[in-house]
Amino acid sequence: MQLKLLSTSLSNNPSLSNSLFIIFWIVLWLLIIEVVLYAVPYNPPTKRPNSVQRYLEYGRSVEGKIRRMIGPTDETTAPVTIVGWLDAEMHERGHNIPTHPKTPDGLLVAIYGASHAQHLSRALAKEPNVTVRFWGGPGVPPSHSYKAYQLDRGRHTAEVVIFALGAGSLIDMTTFTGLNRQFEWPLPYTFPKYHKVGDRLEEVWPSVRTMADFRQVLDDDKLWNNYVKEMQAEDSYYHPFTFHENFMDKLVIFRFIRRSWAKRHANRVKDSVYETSQGFGSNQIFSQGFKENSEVVQTLRLMLKEFARQVRSDGKLPIVVLLNIRGYSNHLTQILAEHLQEANIPFVDSHIIAPSDDPKNLAPDNLHFSKEIDQQLAQAALKIAHEHNKY
């Protein structure tokens, strides 16, 4: 009887009938897509996924991804999750990094930063009589580099200590982990988050500091919930919708929706530190620069002064390298150059040597500088070392 009434109602209402017909086919095709995509195999964490697998996994929750990536041992864990941890002994042991110059009359340079700094370190190592000691990680912010320097202090004889800052990494000073800041590829390493309190830096360490800590937290619900609360308090990238594993992880369509939302959330975090304005026509976006009064900018300025003070107290030469990477014009220089000059901290400005908005200055990945530009940056740093009788 009810079916007959429904049939009569639909026949008397063609628009409703057409709408239901469309909805039926949409749902049917979504189910077909889900079945087809669900058949795509997932590689073990130690094996690099292909492009299709990466695309389908991008929208999985952070928790869902990281539980797949982390195994009980390093051999069963995705290699990218093992890097970046601030463990001085493990870093020295795993990378066999030098503590002295290779030759008696040579120069040892210690450098801290992200991938741009690592490229710079390779260029420095090509210069005559220069030995390089590098510590950093993928996409690490200045707060990670500052702590790496402090943990490395006294473990080497470097006469020159370089703090290399990438413009794009400043936003990540609003967190203490790489877990949420890059939604598509979470990195669990941690570092302190710093707050400027008067004329001093307040350091906030998460409870997780090593991979061993992280594995323990993953296997204990109480510890895991406590760690999530820490992220809620200090990680600007954390959001329940993108972080927690649930039924949406099993449906590709929902994973696509979550990925789109994660990008919007990351942009909101960026907007709290870096200002952009929308242009006219063709959806142009014009960069405005870092927000002068943001906590990140104020904290970074104090951090660089503290870095220089500590380096000088050890009788060494501090150098800051400002890496104005693609998309940031010279905005890093704009917020730091004057303050570095006032504090008499020598620095290298990449924008003067090679503006990143000129494609000719970039490597094929359109992100890092070319090898030729890295070499020019290295020579500029060594020129400062020579002026201070260190090289």
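Of all residues being surrounded by fewer than 18 Cβ atoms within 10 Å (Cβ to Cβ) and outside any loop (DSSP other than H, G, I, E, B) in segment 92-114, which is modelled with the lowest pLDDT? Just the residue, please. Looking at residues that are surrounded by fewer than 18 Cβ atoms within 10 Å (Cβ to Cβ) and outside any loop (DSSP other than H, G, I, E, B), I get 94.
From the list 161, 130, which residue is surrounded by 24 or more Cβ atoms within 10 Å (Cβ to Cβ) and over 15 Å from the mean Cα position of the chain (by Cα)? So that I can check it myself, show each step before the final result.
Details: 130 fails: surrounded by 24 or more Cβ atoms within 10 Å (Cβ to Cβ).
So the residue among 161, 130 that is surrounded by 24 or more Cβ atoms within 10 Å (Cβ to Cβ) and over 15 Å from the mean Cα position of the chain (by Cα) is 161.
Within segment 152-185, being outside any loop (DSSP other than H, G, I, E, B) and farther than 29 Å from residue 355 by Cβ holds for 152, 177.
Conditions (1) of a type in the set (Gly, Ala, Ser); (2) surrounded by 15 or more Cβ atoms within 10 Å (Cβ to Cβ); (3) part of a helix (DSSP H, G or I); (4) touching a residue at least 24 places away in the same chain (Cβ under 8 Å), marked per residue:
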residue: 352; (1), (2), (3), (4): no, no, yes, no
residue: 365; (1), (2), (3), (4): no, no, no, no
residue: 374; (1), (2), (3), (4): no, yes, yes, yes
residue: 380; (1), (2), (3), (4): yes, yes, yes, yes
residue: 384; (1), (2), (3), (4): no, yes, yes, yes
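Do we have any residue at all in segment 313-324 that's in a helix (DSSP H, G or I) and modelled with pLDDT of 95 or more? Yes, that holds for at least one residue.
Pick from segment 88-113 the residues that are touching a helix residue (DSSP H, G or I) at 6+ places or on another chain (Cβ under 6 Å) and small (Gly, Ala, Ser): which of them is farthest from residue 155 (Cα to Cα)?
Initially, segment 88-113 is screened for residues touching a helix residue (DSSP H, G or I) at 6+ places or on another chain (Cβ under 6 Å), giving 88, 109, 111-113.
Okay, now just the ones that are also small (Gly, Ala, Ser), so 88, 113.
Numbers: 88: 9, 113: 18 Å.
Residue satisfying both the conditions and the ranking: 113.
Of everything in segment 370-391 that is of a type in the set (A, V, I, L, M, F, W, C) and within 24 Å of the chain's Cα centre (by Cα), the residue that is farthest from residue 103 (Cα to Cα) is 373. Taken over segment 186-199, the criterion of being more than 14 Å from residue 77 (Cα to Cα), assigned to a loop (DSSP other than H, G, I, E, B) and in contact (Cβ under 8 Å) with a residue 40 or more places away in the chain is satisfied by 191, 192, 199. Among the residues making up segment 192-249, those that are of a type in the set (A, V, I, L, M, F, W, C) and touching a Phe, Trp or Tyr at 6+ places or on another chain (Cβ under 7 Å) are 201, 204, 208, 211, 217, 218, 231, 241, 248.
The values are calculated or read from the model by the stated rules, or taken from the named source; none is laboratory data. All of these numbers come straight from a predicted model, not from anything done at the bench. Here the Cβ is made from the backbone with ideal geometry for all residues, glycine too, and neighbour counts use every protein chain on show.
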